[in-house]
Structures are given as C-alpha cells and as structure tokens.
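Structure first, commentary second.
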Amino acid sequence: AGTQFFSRLDELERHPNRDREMLELQYYCLALGFRGKYRVPGRAGDRSLNAVRVAAARFLRNADAEDAPLSPNWKGVIASDEPQRFIVPIWVMGLAAVVIAAAVYIGLSMGLSSQAVELSALVRTLPPPQRGDITRAAPKPDAP
C-alpha cells in the first residue's frame, strides 16, 4: 500500500481539482504519520516525506479562499472600551494581604509576649509548694 499510496498522490497532484477530497484525505494521512515507502532509517526519508507533505499542502491551499472575507455583509460595532475590572493589579493585592497578615501576626505575638511576661512575674510571686509528707499505716500483725 505504501507505493500505491504515493503513486495515487502523484496522480492527484497532477490534477488537483479532479478529486480534491481524496487529496485532502491523503494529506491528513501524511500529517498523522503515515510514512509508507519513506520509512527508511536516517534523515533522507524524513526530508523526502516532508517535501511530499509540503507539496500536498500547497495543492490543497486555495488562493481565493485565503483572501475571501469570512462574512461578506458584516459590520463592526462601534463600542466604547470596557472599563478595566481591576484598577489595582492582582500582585499588589496579594502583597498587601501578605503585609496585613504579617502585621497581624506581629501584633498578636507582641500582645501574647506581654501577657506571658505578666504571667511569669505572677508565678514568681507564688510561694514555693510545701513538701507533702507521705504516711503509711503499719501492717497489722498476723493473728495466731
């Protein structure tokens, strides 16, 4: 099928308007990776296959279709530019959030630190605990 494919492709390239759909199908086969007789080791097969693929694409390209307008009766709408959604860039908002979070963290940390100092001073004023005595009852003598 490899040699027949390329002989049909050569025939279609000589008469591209005869069977344009078949030429397009064969181009898609080449574009999707069909190699056929050009499946040889080395770069020579790749270069030859690429040349065949480019030639098929050239025959498929229609000069009239490229210059034709998409719609012959379209009219553009004159609209004022839409206002910008965000006046401040997003990265500035992110940076502000990080700065606010850091300020809150530092403020809470300082408040907790001052409370810890007060609590530490209060603990130091407490009297030391008295040592508790452990008393054990003497075992009862065994009955005779």
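Brief remarks follow.
Residue-wise test of (1) touching a Ser or Thr at 6+ places or on another chain (Cβ under 8 Å); (2) surrounded by 10 or more Cβ atoms within 10 Å (Cβ to Cβ); (3) at pLDDT 85 or above.
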| site | (1), (2), (3) |
| --- | --- |
| ASP64 | no, no, no |
| LEU108 | no, yes, yes |
| ALA121 | no, no, yes |
| ARG124 | no, no, yes |
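- Qualifying residue in segment 41-56 (condition: at negative phi, assigned to a loop (DSSP other than H, G, I, E, B) and modelled with pLDDT under 85): yes
The values are calculated or read from the model by the stated rules, or taken from the named source; none is laboratory data. Bear in mind that the values here come from a model prediction, so they are computed numbers and not experimental data. Here Cβ is always computed from backbone atoms with ideal geometry, including for glycine, and neighbour counts include all displayed protein chains.
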